[in-house]
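The structure appears below as structure tokens.
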Amino acid sequence: MNPMSKIVRTITKFTYGIIIIFGLYIIVHGHLTPGGGFQGGAVTASAFALLLISYGNLTTDKFLKKDLFSFLESCGLTLFITLAFLGLGLTFFYNFLANSGGWFGNISAVGINPGDLNTGGVVPLMNIAVGLEVLSGLGLIVLVMAAAMEFTKKKENL
Amino acid sequence: MKTKKIIFGIAFLLFFSFILVSALQMRPFGEPVFSEMDDYFIAHAQQETGTNNVVTSIVFDYRGFDTLGEATVLFTAICAIIALFREVTR
């Protein structure tokens, strides 16, 4: 893919970090505000798509690696299943960390309250796991499809 | 040809009247027939899971198995796409 015009590239340089931070914010605050792992992962993957479209394939190859994404995606799903199995003392998917006082174990106030990040038990951890999987998975799809576009163009020119 | 059109017209009218009748008989918004489950979640989700966002507590805690299926479906789809483009990414 050819890089787009200088205006698009400059705006991308300013905005992609903000988009990634916003996506990570949605993932981490999934148990307090609307959103969660799937939504935040999709927002973060949209930043990768923006980078890929505006800069073309070659320059983004340096830090958007296929193998890294593949690894992170597997890590996300494995973490999710592991967290589900850790609650197996009572049931599958038992929230063993909630209200325990430890990690993410603060007792949440009942009713309308501004929210405490250190609550929710395994819910925030699962949000992070699913978010990791979704952002790397969708990023991987975008990367692979861009590479396929380059591949077919090369093949047609031969 | 003409009988086919007539049959299709009658079937369409029947289907449309079904939809119209069911739309006219629809319950008003926010008044479900059975609301025990919803009331339980609204009353107890914040104490039991400690999350302010009740939707997330249902998706990741009460119905975590459903989310596991969703994540697996996404994983399988991505595996299929990579397998489809194996010529490219080799």
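The values are calculated or read from the model by the stated rules, or taken from the named source; none is laboratory data. All values derive from a computational prediction rather than experimental measurement. Don't worry about glycine lacking a Cβ; one is built from the backbone with ideal geometry, like all the others, and counts go over all protein chains shown.
Of the listed requirements (1) in contact (Cβ under 8 Å) with a residue 60 or more places away in the chain; (2) surrounded by 20 or more Cβ atoms within 10 Å (Cβ to Cβ), A:G121 misses just one: (1). Please find, within region A:79-93, the residue that is surrounded by the most Cβ atoms within 10 Å (Cβ to Cβ) out of those that are touching a residue at least 40 places away in the same chain (Cβ under 8 Å) and more than 7 Å from chain B (Cβ to nearest Cβ). The qualifying residue surrounded by the most Cβ atoms within 10 Å (Cβ to Cβ) is A:L83. Restricting A:V122, A:V134 to those that are within 13 Å of the chain's Cα centre (by Cα) and either over 14 Å from A:H31 (Cα atoms) or not polar (S, T, N, Q) (or both) reduces the list to A:V134. Select from region B:70-90 the residues that are in a helix (DSSP H, G or I) and hydroxyl-bearing (S, T, Y) and write down the one among them that is farthest from A:F92 (Cα to Cα). Among them, the one singled out is B:T76.
Counting only helices (runs of 4 or more DSSP H) that sit completely within region B:1-69, those holding 3 or more residues that are over 21 Å from A:N127 (Cα atoms), more than 14 Å from chain A (Cβ to nearest Cβ) and not hydrophobic (A, V, I, L, M, F, W, C) correspond to B:2-24, B:36-49.
Residues checked against (1) at pLDDT 85 or above; (2) surrounded by 14 or more Cβ atoms within 10 Å (Cβ to Cβ):
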{"residue": "A:D61", "(1), (2)": "no, yes"}
{"residue": "A:N95", "(1), (2)": "no, yes"}
{"residue": "A:S100", "(1), (2)": "no, yes"}
{"residue": "A:D116", "(1), (2)": "no, yes"}
{"residue": "A:V142", "(1), (2)": "yes, yes"}
{"residue": "A:E150", "(1), (2)": "no, yes"}
{"residue": "A:K155", "(1), (2)": "no, no"}
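Taking A:G36 as the residue in question, decide whether it is buried (at least 17 other Cβ atoms within 10 Å of the Cβ) and either under 26 Å from A:I19 (Cα atoms) or in contact with a Gly (Cβ under 8 Å, 6 or more places away or on another chain) (or both). Yes, satisfied.
A quick yes/no check of all residues on (1) outside any helix (DSSP H, G or I); (2) within 11 Å of chain B (Cβ to nearest Cβ):
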position: A:T15; (1), (2): no, no
position: A:L24; (1), (2): no, no
position: A:G30; (1), (2): yes, yes
position: A:Q39; (1), (2): no, yes
position: A:F48; (1), (2): no, no
position: A:S54; (1), (2): no, no
position: A:L72; (1), (2): no, no
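Give the residues of region B:70-90 that are facing another protein chain (nearest Cβ under 7 Å) and closer than 15 Å to A:G36 by Cβ, sorted by residue number. Those that are facing another protein chain (nearest Cβ under 7 Å) and closer than 15 Å to A:G36 by Cβ: B:A71, B:L74.
Can you tell me how many residues within region B:22-43 are surrounded by 10 or more Cβ atoms within 10 Å (Cβ to Cβ) and either at pLDDT below 85 or among the aliphatic types (A, V, I, L, M) (or both)? Residues that pass the stated criteria total 5.
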